[in-house]
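Contents: one structure, followed by commentary.
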Amino acid sequence: MMYFDFFDTVSNIYSYAGDSQDDFTKNCEGIANILEEYHHLFDIYHEYSGINNLCTINKNAGGEPLVVDEKLIEFLLYTKEMYAITNGEANVMFGSVLKIWHNVREEASNNPNKVEIPSKDILEEASKHTSIDLLEIDEKNKTVRITDPLASIDVGAIGKGYATEKAAQYLESKNISSYVLNIGGNIRIIGTKVDGDGWITGIKNPIDAETYAFYTKISDISCVTSGDYERYFMKDNVKYHHIIDKDTLMPANYFSSITILTKNSGLADTLSTALFCMSYEEGLAIVKNLKDVEVLWIYQNGDQLKTDGFIAVER
């Protein structure tokens, strides 16, 4: 097992392939290089020497187009695809609203007795600067521009999953199997165990995070969960978590957790957040238009709904 620290979270790499320590170390170095590169490209809080990253683009909002790495162009085009697939719920231009909630969570962490919930007027004013059309991408000239100086990009709901998938594709390109990537809770399985079997994984019980609500067996797939039980604060006995509904501009209040099974980790990451912010019926309608996507919805009272291919197994 190897540990890394990217995307402000701990990542673990496991090999069940029986490869040598040298080969495992070499493969992990390749994964680390990929994750580090995308961590730098997607960082909205820090800039890095020699590149124009998302932080640079946000600082330049309202200015002239910036030349960026082709990998960033490819990623931002992908985010626009995800916007269309999720009927606008997965919107990387939602940064002006998410920034307000991020600052509130920081204040709640530092001064819990002084935290104030943002007013409806403040949130609605910020939401005026969230149109996906404010993000201009010029593929030919490899430039990106945000046309509104008050708009900003936030890729917290997709960036880590996208980078995870790039790391998985790196291993697949080398015909490597029987690896498990756990990138800050985004699970991506490459292949199966050597004997052809899969791995039993537990879906946390959002009501009691020390227990599991569901077990399933997975192989050659991604498993991503979004929930209200990790990043949150309490105010007047109300839980305020980090997944913000674009329609209410408040923490989404449909479910306690949603888990996605599908091969592409970028898609899984996107859907786990997007479906968290819509009703079961709306989410199911989106999933029915996609291939090989399974979902487990867990409500705040512990009730569960799932698609037919999300199979329960005994521990």
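The values are calculated or read from the model by the stated rules, or taken from the named source; none is laboratory data. As the structure is a computational prediction, the values presented were derived from the model and not from experiment. Neighbour counts run over all protein chains shown; Cβ positions are idealised from the backbone, glycine included. Side chains are part of the model used for accessible areas, which takes the heavy atoms of the whole protein and leaves out ligands, DNA and RNA. Shrake-Rupley method; radii C 1.70, N 1.55, O 1.52, S 1.80 Å.
With the requirement that a residue be touching a residue at least 24 places away in the same chain (Cβ under 8 Å), of a type in the set (A, V, I, L, M) and not in a strand (DSSP E or B), what does region 1-46 give you?
Hits for region 1-46 are A17, I31, A32, I34, L35, L41, I44.
Can you tell me which residue among K120, K114 is open to solvent by 60 Å² or more (accessible area, probe 1.4 Å) and in contact with a Leu (Cβ under 8 Å, 6 or more places away or on another chain)? Before you say what the answer is, go through the steps one by one.
Numbers: K114 fails: in contact with a Leu (Cβ under 8 Å, 6 or more places away or on another chain).
Going through K120, K114 in turn, just one is open to solvent by 60 Å² or more (accessible area, probe 1.4 Å) and in contact with a Leu (Cβ under 8 Å, 6 or more places away or on another chain): K120.
Which residue, of S177, S96, is of a type in the set (S, T, N, Q), outside any loop (DSSP other than H, G, I, E, B) and open to solvent by 10 Å² or more (accessible area, probe 1.4 Å)? Write out each step before concluding.
Working: S177 fails: outside any loop (DSSP other than H, G, I, E, B).
Matching residue, one of S177, S96: S96.
Determine, yes or no, whether D247 is touching a helix residue (DSSP H, G or I) at 6+ places or on another chain (Cβ under 9 Å) and more than 26 Å from I117 (Cα to Cα). Reasoning before the result, please.
Numbers: touching a helix residue (DSSP H, G or I) at 6+ places or on another chain (Cβ under 9 Å): yes; more than 26 Å from I117 (Cα to Cα): no.
The answer is no for D247.
Do the conditions hold for A90, that is, is it out of contact with any helix residue (DSSP H, G or I) (no Cβ under 6 Å at 6 or more places or on another chain) and of a type in the set (G, A, S)?
No.
Only one residue in K246, K235, K263, K239 is closer than 23 Å to G191 by Cβ, open to solvent by 10 Å² or more (accessible area, probe 1.4 Å) and among the basic types (K, R). Which one?
Values: K246 fails: closer than 23 Å to G191 by Cβ; K235 fails: closer than 23 Å to G191 by Cβ; K239 fails: closer than 23 Å to G191 by Cβ.
Step by step, each of K246, K235, K263, K239 is checked, and only K263 is closer than 23 Å to G191 by Cβ, open to solvent by 10 Å² or more (accessible area, probe 1.4 Å) and among the basic types (K, R).
Quick check, is V144 at pLDDT 95 or above, in contact with a Pro (Cβ under 8 Å, 6 or more places away or on another chain) and surrounded by 15 or more Cβ atoms within 10 Å (Cβ to Cβ)? Show your work before the answer.
Values: at pLDDT 95 or above: yes; in contact with a Pro (Cβ under 8 Å, 6 or more places away or on another chain): yes; surrounded by 15 or more Cβ atoms within 10 Å (Cβ to Cβ): yes.
It is true that V144 is at pLDDT 95 or above, in contact with a Pro (Cβ under 8 Å, 6 or more places away or on another chain) and surrounded by 15 or more Cβ atoms within 10 Å (Cβ to Cβ).
Can you give me the number of residues within region 234-244 that are touching a helix residue (DSSP H, G or I) at 6+ places or on another chain (Cβ under 9 Å) and over 20 Å from S272 (Cβ atoms)?
2
For N111, are the conditions met, namely being under 22 Å from the mean Cα position of the chain (by Cα) and not hydrophobic (A, V, I, L, M, F, W, C)? Walk me through how you get there before you give the answer.
Working: under 22 Å from the mean Cα position of the chain (by Cα): no; not hydrophobic (A, V, I, L, M, F, W, C): yes.
So N111 fails the test.
Can you report the number of residues in region 119-172 which are free of Cβ contacts under 8 Å to residues at least 12 places away in the same chain and under 18 Å from the mean Cα position of the chain (by Cα)?
Of the residues in that region, 1 qualify.
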